[in-house]
């Protein structure tokens with residue numbers, strides 16, 4: 001069903017970050033384009049090819065998130081799992097990127113009718129919107145609006161009742177705000193002629209800045225907060241279609257056809273201080289579990305020099321194609337990867353590193369579609385093997401995962417997201 005609009009609009013989406021950060025915004029970009037609108041994504045150079053592969057216009061800031069995350073200090077902080085240490089490293093990266101994103105984003109937004117931002121660029125996008133007089137809609141795939149219904153995204157352990165949950169939301173917003181404020185204030189002043197962001201996130205805003213909020217997650221996994229206003233909408237996950245002409249690697253096709261469905265293992269953009277040790281752990285776990293495996297190296301640098309015949313390693317492939325062909329998925333718990341694994345209808349084994357990953361790991365287990373999460377700091381070959389065996393043999397869990405996948409597949413999250421963004425910005429009806 002086409003999105004009803006008053007007129008076609010020009011949309012600029014600001015989405016810097018890791019591949020998992022930008023993937024939902026590629027999906028929204030596809031949705032805007034399918035509805036006949038003009039859309040441009042602003043991101044970093046390491047994702048420019050990915051955006052253009054989906055036939056979307058791209059303005060890329062000359063900074064690589066991947067290169068920064070692969071630095072020794074950043075890898076140690078992220079793999080260690082400490083919230084303060086990991087956010088300190090991410091803040092350093094964000095500060096370097098903010099001015100570049102502001103300059104590229106300002107240029108890409110001239111002539112736009114509507115700005116859309118993820119949380120990685122919220123304060124910069126707010127400055128651009130104010131400078132150009134363009135409406136801004138916040139589009140997030142993690143919950144940032146306070147509620148007593150579930151815990152805060154960065155403090156999932158504060159889950160002892162409504163008061164503790166609301167406290168967790170306040171602390172989560174404060175952590176994201178302080179990180180964003182420290183990195184963006186210089187760019188707001190120098191590039192956008194905008195005032196510095198205040199010391200604390202304004203209590204009245206629905207997200208991080210002024211303006212409506214659209215959430216790209218499913219109420220089948222995370223219910224809408226009952227306190228949320230009409231300026232907050234939940235649409236379902238935003239799934240991108242594979243690029244036109246996509247074909248999987250021939251070797252992978254042959255491997256999948258040669259035996260039982262494998263377990264897919266990959267930690268996305270999470271870097272590892274010792275890729276060889278991580279590879280050895282993964283291979284040992286696969287051997288103990290007695291399963292076939294596809295290992296996605298991604299930015300984690302997983303490598304294996306002498307692979308057994310039951311293991312196939314590749315840099316990466318479209319999750320939407322691979323995951324449904326697997327019996328389970330081992331991943332880091334990023335919002336986008338979690339959504340892709342749920343859509344595939346197979347159990348998720350979540351190994352959270354930091355940030356929002358422990359939150360999604362808990363939601364997956366609470367929904368009964370995966371075994372208990374195994375934090376990266378406690379991961380062993382034995383614990384991973386036990387989780388893979390559980391995911392393969394727990395039939396009630398597998399049935400719930402299949403049902404979840406069917407539910408998500410019917411939600412039309414992208415179409416609903418585009419419709420909500422346009423309506424809340426006053427560009428639709």
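Among the residues of segment 389-402, is any over 22 Å from residue 220 (Cα atoms) and surrounded by 24 or more Cβ atoms within 10 Å (Cβ to Cβ)? Talk me through it step by step, then tell me what you get.
Pass one, segment 389-402, residues over 22 Å from residue 220 (Cα atoms): 389-390, 392-393.
Narrowing further to those that are surrounded by 24 or more Cβ atoms within 10 Å (Cβ to Cβ): none.
Within segment 389-402 (the criterion being over 22 Å from residue 220 (Cα atoms) and surrounded by 24 or more Cβ atoms within 10 Å (Cβ to Cβ)), the answer is no, since none of the residues qualifies.
Every residue, every condition in (1) in a loop (DSSP other than H, G, I, E, B); (2) more than 20 Å from residue 101 (Cβ to Cβ); (3) modelled with pLDDT of 90 or more; (4) not assigned by TED's automatic domain parsing to the domain that holds residue 231, yes or no:
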position: 174; (1), (2), (3), (4): no, yes, yes, no
position: 179; (1), (2), (3), (4): no, no, no, no
position: 188; (1), (2), (3), (4): no, no, yes, no
position: 203; (1), (2), (3), (4): yes, yes, no, no
position: 207; (1), (2), (3), (4): yes, no, yes, no
position: 210; (1), (2), (3), (4): yes, no, yes, no
position: 214; (1), (2), (3), (4): no, yes, yes, no
position: 219; (1), (2), (3), (4): yes, yes, yes, no
message: Given the criterion more than 27 Å from residue 373 (Cβ to Cβ), assigned by TED's automatic domain parsing to the domain that holds residue 193 and in a strand (DSSP E or B), identify the matching residue among 124, 137.
response: 137
task: Scan segment 10-33 for residues that are modelled with pLDDT of 85 or more, touching a helix residue (DSSP H, G or I) at 6+ places or on another chain (Cβ under 8 Å) and under 21 Å from residue 412 (Cα atoms) and report the count.
output: 12
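From 405, 417, which residue is within 20 Å of the chain's Cα centre (by Cα) and either farther than 30 Å from residue 211 by Cβ or modelled with pLDDT under 95 (or both)?
On the way: 417 fails: either farther than 30 Å from residue 211 by Cβ or modelled with pLDDT under 95 (or both).
Of 405, 417, the one residue that is within 20 Å of the chain's Cα centre (by Cα) and either farther than 30 Å from residue 211 by Cβ or modelled with pLDDT under 95 (or both) is 405.
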- prompt: Condition test on residue 168, is it crowded, with 21+ Cβ neighbours inside 10 Å and more than 30 Å from residue 31 (Cα to Cα)?
  reply: yes
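Can you go through 112, 94 and tell me which one is in the same structural domain as residue 222 (by TED's automatic domain parsing), at pLDDT 95 or above, surrounded by 20 or more Cβ atoms within 10 Å (Cβ to Cβ) and more than 27 Å from residue 227 (Cα to Cα)? Before the answer, list the steps.
Values: 94 fails: at pLDDT 95 or above.
Being in the same structural domain as residue 222 (by TED's automatic domain parsing), at pLDDT 95 or above, surrounded by 20 or more Cβ atoms within 10 Å (Cβ to Cβ) and more than 27 Å from residue 227 (Cα to Cα) holds for just one of 112, 94, which is 112.
I'd like to check something: does segment 238-255 contain any residue that is buried (at least 22 other Cβ atoms within 10 Å of the Cβ), modelled with pLDDT of 95 or more and touching a helix residue (DSSP H, G or I) at 6+ places or on another chain (Cβ under 7 Å)?
yes
The values are calculated or read from the model by the stated rules, or taken from the named source; none is laboratory data. Note that the coordinates shown come from a computational prediction; the quantities given were computed from them, not determined experimentally. Ideal geometry is used to build each Cβ from the backbone, glycine not excepted, and the neighbour counts take in all protein chains shown.
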